[in-house]
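So the structure is just underneath, and the comments pick up after that.
Read the figures in this text as sums done on the coordinates, not as results from a lab. Just so you know, these numbers come straight off a predicted model, no measurement behind them. Neighbour counts are summed over all protein chains in view; Cβ atoms, including those assigned to glycine, are modelled from backbone coordinates with ideal geometry.
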Amino acid sequence: MKIADRVKKLNSSMTLAIADKAREMKLNNIDVISFATGEPDFDTPVQIKEEAIKWTQRGYTKYVASDGIPELKEAIRQKLLRENKLEYAASEILVCNGAKQAIYEAFGAILNPGDEVIIPAPCYVSYIEQVKIFDGVPVIVPTKEEDNFRLKAEDIGKKITDRTKAIVLNSPNNPTGAVIQKEELRKIACLAVENQLFVISDEVYELLVYNDNECFSIAAFDDAIKKLTITVNSLSKSYCMTGWRVGYAAGDEEVISAMSDIHGHMTGNVNSIAQKAGVEAIANYHNFETMIEEYKQRRDLMVKRLNGMPGIHCKSPDGAFYTYTNVMSYYGKIFGDKVIRNSYELAEFLLEQAHVACVPGEAFGMDGYIRFTFAIARERLMEGLDRVESALKLLR
């Protein structure tokens, strides 16, 4: 296999194709409304930016410790203790370039060729490909729309074999927003301990939960599951710091040490200024209520509007800032000489005819759906949904 072919096989080609086309349209002065980008539309809080400016002016611009500056690791340690009831030493924490790198390095540390990794679907686009990079075998556990895409322990149990090495959890989930209920999480912890399976717990959306939903860290149940769990988080979503690229992992010292070795050969330290800003964010910024309430109201607006469109079914997400919208009724419909056969072709149609960018469900391992983000200003959100409805009426 040619190198170029392998790269093409491993990248999220469908998502990139939509994004590239949307970017090209914008360059041609076409007003594209994007429901595709998975990042907050709120700016990084001022006090965090000011902290970065301060340390830049002080010349804090040299190499720092590869695994994270001590003060950031201490802030993360205190945060995990305060908010997640998890106690870790500094040697059990690794600072990475976002959560994606932390997950990649976790797979690199624990996987041998042929090891199976259980991944609930729909799932974040990189999980499956990262497992493949390390010659692991992704084992998909589909969740169900009628269950609001909430993961059930019994479905995981059915997939465990003598080759299973790890389980990936993402709660709240990207793309569905589903939150794993606490009792189901406890059952999953029991399965992991019983079978001595690693758990990679991606908790980047932990802050963004609505109504009575609760995001609970699986590692907090007891020491047995804590030893097997690699808890991953980042500053991107909670603190609106996507471009700063600061994430982290916490887990057993042996695993974190192996991840740190990979990290050191792969990239070196995370940006020094971003780490200083991260200390300010984690230690001193706690004003999240306005942002969470705004997301909740946008969620309610989007769900109501989508469900008001003929043939559309949209569950209200428990958390995060996405809806995973059922669009199957539009399969087989025609526009001009083109037949809509899958979510990619529908997303492409919406981009071309409505000038609206969204992400096809195929990218997340479950076709039949489209992911819309509500991390977008209300006026643009409603205008974009109006465009979607008008375009769908063109299909026959």
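Modelled spin labels at Gln297 and Glu254, positioned 7 Å past Cα toward Cβ, are 5.2 nm from each other. If you wrap the Cα atoms of the range 218-274 in a convex hull and average its projected area over all directions, you get 4.7 nm².
Pairs from the list Lys182/Lys296; Lys62/Lys227; Lys79/Lys165; Lys100/Lys393; Lys73/Lys315; Lys79/Lys159 with a Cα-Cα gap above 32 Å: Lys62/Lys227; Lys100/Lys393; Lys73/Lys315; Lys79/Lys159. Annotation for Glu154 and Tyr60: the two label points, set 7 Å from Cα along the Cα-Cβ direction, are 5.2 nm apart.
Legend: calculated FRET efficiency, Gln196 to Tyr331, from the Cβ-Cβ distance at R0 = 45 Å, rounded to 0.05, equals 0.60.
Residue separation of Asp162 and Glu50 scaled by 0.36 nm, minus their Cα-Cα distance, works out to 35.1 nm of gained length.
When you work out D = kT/(6 pi eta Rh) for the range 78-151 at 4 °C and 1.567 mPa s, using the Kirkwood radius from C-alpha pairs as Rh and the Stokes-Einstein form, the result is 90 µm²/s.
If you look at the Cα atoms of the range 115-249, you get an Rg and a Dmax of 14.2, 41 Å.
Using C-alpha pairs under 8 Å with a sequence gap of at least 6, the mean separation divided by the residue count of the range 178-265 gives a relative contact order of 25 percent. Once backbone amide H atoms are built at 1.01 Å from N, Val141 has Ile119, Ala121 as its partners under 5 Å, excluding neighbours fewer than 5 places away on the same chain. In the range 300-364, Cα pairs under 8 Å separated by at least six residues give a relative contact order of 18 percent. Computed from the Cβ-Cβ distance with R0 of 51 Å, the FRET efficiency linking Asn28 to Ser91 stands at 0.45.
Normalising by residue count, the range 332-396 has a Cα convex hull of 73 Å³ per residue. If you average the sequence gap of Cα pairs under 8 Å that are 6 or more apart and divide by the length of the chain, what percent do you get for the contact order? 23 percent.
When only alpha carbons are used to place a centre, the range 276-352 and the range 50-121 end up 29 Å from one another. Rg over Rh for the range 172-216 works out to 1.00, both radii taken from alpha-carbon positions and Rh defined as the Kirkwood radius.
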